[in-house]
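Enquirer: Handing you this structure, nothing more for now.
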Amino acid sequence: MINRLYKLIVGYMALVGFIGHVLLVFSLILYPNYRYSIENKILKLVETKKPAVNVLDEINISFGKWLPKSDNRLGDNQILVNGREFVDLTAALNSLQDGDTLELGSSIYKTPLVIRNDRVTVLGKGHVIFDGAVAENKAAIVIKGNSVSIYNIECKGIKVPDQNGACVRLEGANLLLNHVYFHDSEQGLLTGGQPELIKIKDSRFELLGRSGRAHGIYVGGGELYIEDSLFIAAVDQGHEIKSRAKVTEIIRSVVASLSSNDSRLIDISNGGIVSIRDSILEKGPGSVNSDLIGYGLEGYKHKSNYIELKDNIVIMDRERNNNLLHSTKKDLETVFDSNVFIGREEMIVDGVNLWYKSRGEAGIKKYPFIPLPYSK
């Protein structure tokens, strides 16, 4: 009798478990948003188990906290369009016309921005944070107009079902980002295939990436110019910078892995003209990809293909092998000159460069310290 009861209980539990798993699988297939919710909960549980090395501590050692510019502050939660005050962000957005300036006072904003007009300026006048605000399942700020400028804005916590949620999604053309801080989201900046001209100045992109498909920034074409900016610790096999632009220029900036599980520091997917000058490149010990720079690995789409590295410090802290440049183009024109390379393996490159086997030999502090470009 007892054995029979035991078998019945075991059989019942097995049947319930089977039915439950079948229902769960169908729910995940039929309701992707439900699946996404479960994934996020699991990720949060995993993220609470912090590694022995805390990448946030590493970031703070070299870069400290980002601070908004404090000049000409507005009152908390104050919102102006061309000097006219609005009761909330939705009303202000509905009033926007071409050439307007939207000014935001210090606050944590949960309402996203959809900008449909041209030549709009979004200006943070205090500590302005967009936290988890998502428009159209795309981004905190979706730009459909052209020639938009964004100043002094922090953005974080952007996640969407497609796993490419961005702080800024550019669907129009021509964008300036100046003194922005995008972090802890799936993507910092994502553009369409014809963004024309992207300029990034004095900005910071940190702890961005998702499943190897979302990155610190992902520029789909046009021309990309970066100066005096930080791209730090992309996560989940994201690149700090992914560019399909025909021209990519990086000057006086830092692109560093630290202990994150990023992929390449810089991925120039379709070739083009690349110039990296007066900058710091650091490949960290946790990086899952040996490449520092990938070039043309998804096919060549531009007439001119050329890469220049001048006056940079390149630190290879990855304990396994490091590959400075990964390119399939055998006759690629390269100019590597006046750089300082630090790594166990000396690589053959053209130009006059200095090679050191360790940070100590080069006179640079121990890991995780990252030196800053001279302008910083």
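Enquirer: From A166, A135, which residue is under 17 Å from K110 (Cα atoms) and surrounded by fewer than 24 Cβ atoms within 10 Å (Cβ to Cβ)?
Expert: Of A166, A135, the one residue that is under 17 Å from K110 (Cα atoms) and surrounded by fewer than 24 Cβ atoms within 10 Å (Cβ to Cβ) is A135.
Enquirer: Take region 282-326 and flag every residue that is more than 14 Å from L265 (Cα to Cα) and of a type in the set (S, T, Y).
Expert: Matches in region 282-326: Y300, S304, Y306.
Enquirer: Here's a follow-up. For region 133-151, name all the residues that are part of a loop (DSSP other than H, G, I, E, B) and among the β-branched types (V, I, T).
Expert: The answer is V134, and nothing else.
Enquirer: Next up: Looking at V314, V288 in this structure, which one is among the β-branched types (V, I, T) and either under 19 Å from V235 (Cβ atoms) or not in a strand (DSSP E or B) (or both)?
Expert: Answer to the check: V288.
Enquirer: Considering only residues that are over 30 Å from K303 (Cβ atoms) and out of contact with any Lys or Arg (no Cβ under 8 Å at 6 or more places or on another chain), look in region 211-234 and name the one that is most open to solvent (accessible area, probe 1.4 Å).
Expert: This residue is S211.
Enquirer: Let me ask something else about it. Of the numbered conditions (1) open to solvent by less than 60 Å² (accessible area, probe 1.4 Å); (2) within 23 Å of the chain's Cα centre (by Cα); (3) at pLDDT 95 or above, P373 fails exactly one; give the number of that condition.
Expert: Failing condition for P373: (3).
Enquirer: Also, I was wondering about something else. Identify, from the list E333, E308, E298, the residue that is of a type in the set (D, E, K, R), closer than 30 Å to G193 by Cα and buried (at least 16 other Cβ atoms within 10 Å of the Cβ).
Expert: So the residue among E333, E308, E298 that is of a type in the set (D, E, K, R), closer than 30 Å to G193 by Cα and buried (at least 16 other Cβ atoms within 10 Å of the Cβ) is E308.
Enquirer: What tally of residues in region 152-165 results from selecting those that are part of a strand (DSSP E or B) and either in contact (Cβ under 8 Å) with a residue 60 or more places away in the chain or in contact with a Lys or Arg (Cβ under 7 Å, 6 or more places away or on another chain) (or both)?
Expert: Number satisfying all stated conditions: 1.
Enquirer: List, please: which pairs have Cβ atoms under 9 Å, are six or more places apart or on different chains, and start with a residue in region 56-68 that is over 14 Å from S203 (Cα atoms) and end with one that is open to solvent by less than 90 Å² (accessible area, probe 1.4 Å) and charged (D, E, K, R)?
Expert: Sorted first by the residue in region 56-68, then by its partner, the pairs are I59/E206.
Enquirer: Could you go through region 236-248 and let me know if any residue there is surrounded by 24 or more Cβ atoms within 10 Å (Cβ to Cβ), in a loop (DSSP other than H, G, I, E, B) and on the phi > 0 side of the Ramachandran plot.
Expert: Among the residues of region 236-248, not one is surrounded by 24 or more Cβ atoms within 10 Å (Cβ to Cβ), in a loop (DSSP other than H, G, I, E, B) and on the phi > 0 side of the Ramachandran plot, which makes the answer no.
Enquirer: When you check K366 against the structure, is it farther than 21 Å from N289 by Cβ and within 27 Å of the chain's Cα centre (by Cα), yes or no?
Expert: Here the answer is yes, as K366 does meet what is asked.
Conditions tested, residue by residue: (1) buried (at least 20 other Cβ atoms within 10 Å of the Cβ); (2) of a type in the set (S, T, Y).
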position: A92; (1), (2): yes, no
position: G99; (1), (2): no, no
position: L104; (1), (2): yes, no
position: T121; (1), (2): no, yes
position: G126; (1), (2): yes, no
position: A139; (1), (2): yes, no
position: K144; (1), (2): no, no
position: S149; (1), (2): no, yes
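Enquirer: Does region 279-293 include one or more residues that are surrounded by fewer than 24 Cβ atoms within 10 Å (Cβ to Cβ), more than 18 Å from the chain's Cα centre (by Cα) and not hydroxyl-bearing (S, T, Y)?
Expert: Yes: one or more hits.
Enquirer: Looking only at region 186-237, which residues are within 8 Å of the chain's Cα centre (by Cα), within 16 Å of G157 (Cα to Cα) and not hydrophobic (A, V, I, L, M, F, W, C)?
Expert: Within region 186-237, E186, Q187, G188, E206, G209, H215, G216 meet the criteria.
Enquirer: What pairs come out if I take residues in region 338-366 that are free of Cβ contacts under 8 Å to residues at least 24 places away in the same chain and within 14 Å of M316 (Cα to Cα) and pair them with residues that are assigned to a loop (DSSP other than H, G, I, E, B) and open to solvent by 90 Å² or more (accessible area, probe 1.4 Å) whose C-beta lies under 6 Å away, six or more apart or interchain?
Expert: W355/E346; K357/R344
Enquirer: Could I ask something else about it? Conditions: (1) surrounded by fewer than 12 Cβ atoms within 10 Å (Cβ to Cβ); (2) of a type in the set (D, E, K, R); (3) in contact with a Gly (Cβ under 8 Å, 6 or more places away or on another chain). D317 meets all but one. Number of the miss?
Expert: (1)
The values are calculated or read from the model by the stated rules, or taken from the named source; none is laboratory data. Remember, it's a predicted structure, so these values are computed and weren't measured experimentally. Please note: Cβ atoms are built from the backbone with ideal geometry, for glycine as well, and neighbour counts cover all protein chains shown. Just so you know, the surface numbers come from the protein's heavy atoms only, side chains and all, with ligands and any DNA or RNA stripped out. Shrake-Rupley method; radii C 1.70, N 1.55, O 1.52, S 1.80 Å.
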